[in-house]
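Some notes on the structure that comes next.
What follows draws every value from the coordinates through simple rules; no lab data is involved. Treat the numbers as computed from the prediction; the structure is a model and nothing was measured. Because the Cβ atoms are built from the backbone with ideal geometry, glycine has one as well, and the counts that use them run over all protein chains shown.
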Amino acid sequence: MSIAGRIAQIRETIRTESPHPERVRLIAVSKKQNPERMLEAARAGILDFGENRIQEALDKFSRESFPGITRHFIGYLQSNKVNKCLQNFNWLHSLQTEKLAGLIADSEIPLLCLIEVNISGESSKSGIRPEALRTFVKQLSAYRGLQVRGLMGIAPQSEETAIRRSFKLLRELAQDCRSLETENLRFEELSMGMSGDYRIALQEGASMLRIGTAIFGPREN
């Protein structure tokens, strides 16, 4: 199936499975995809691209600027790469340390952030522990230049019940954090759901889907 055909299928699933399909943002995860395939996705209506690695993304952006596209950095961000992220991306999906928050807040370049939460309970995955989230959000309120818009989480590679439980947890955490909202900290976005579990994520209220293989097919080596 073509990239356009896959995108059409995903958009139909969004329409039928999401309680608020008009709010769902489909992010094409373009890790290891060449600019030509990204352009094909853009011609099929994709307005958002997600990248996991700074240097790989910059190499592609130097070849094709993708005008009108919103850029999301969805991988782990090292503090020494913050400036490159600020200069080349619109969203960061993996805020999880106060140090990183301070570096972003001190910049004059706007970057919308999502706090990454470890909703799977797996030690191999990064993110704030759910029980530590409220304390972390309170710490972030001191950084006036920081713009937080919600939470991001990755479900375990498990059976549907465990996946659904993880996504439900992220939704409930966002609801709980709304009592801590300020002008700069808001919890309206839920970035959850990838190629293998996005239907469940939609049912649990996802507003951002991070889809790679289900759009592009298998990644290039």
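The set of residues in segment 106-129 being of a type outside the set (Val, Ile, Thr) and closer than 15 Å to residue 156 by Cα consists of 116, 118, 120, 121, 122, 123, 124, 125, 126, 127, 129. Cβ-Cβ distances below 9 Å connect the following pairs, each with a first residue in segment 120-133 that is in contact (Cβ under 8 Å) with a residue 40 or more places away in the chain and surrounded by fewer than 18 Cβ atoms within 10 Å (Cβ to Cβ), a second residue that is among the charged types (D, E, K, R) and not in a loop (DSSP other than H, G, I, E, B), and a separation of six or more residues or different chains: 126/116. Could you please let me know if residue 47 is closer than 17 Å to residue 216 by Cα, in contact with a Phe, Trp or Tyr (Cβ under 9 Å, 6 or more places away or on another chain), of a type in the set (A, V, I, L, M, F, W, C) and surrounded by fewer than 18 Cβ atoms within 10 Å (Cβ to Cβ)? No; evaluated as a whole, the condition is false for this residue.
Given the options 194, 152, name the one that is of a type outside the set (Ser, Thr, Tyr), in contact (Cβ under 8 Å) with a residue 60 or more places away in the chain and surrounded by 22 or more Cβ atoms within 10 Å (Cβ to Cβ). Before you say what the answer is, go through the steps one by one.
Numbers: 194 fails: surrounded by 22 or more Cβ atoms within 10 Å (Cβ to Cβ).
Answer to the check: 152.
Counting only strands (runs of 3 or more DSSP E) that fall entirely inside segment 124-221 and contain at least 1 residues that are among the β-branched types (Val, Ile, Thr) and within 21 Å of residue 103 (Cα to Cα), the qualifying elements are 147-153. Taking residues in segment 47-67 that are assigned to a helix (DSSP H, G or I), and partners anywhere that are not charged (D, E, K, R), the pairs with Cβ atoms closer than 6 Å and at least 6 places apart or on different chains are 60/35; 63/35.
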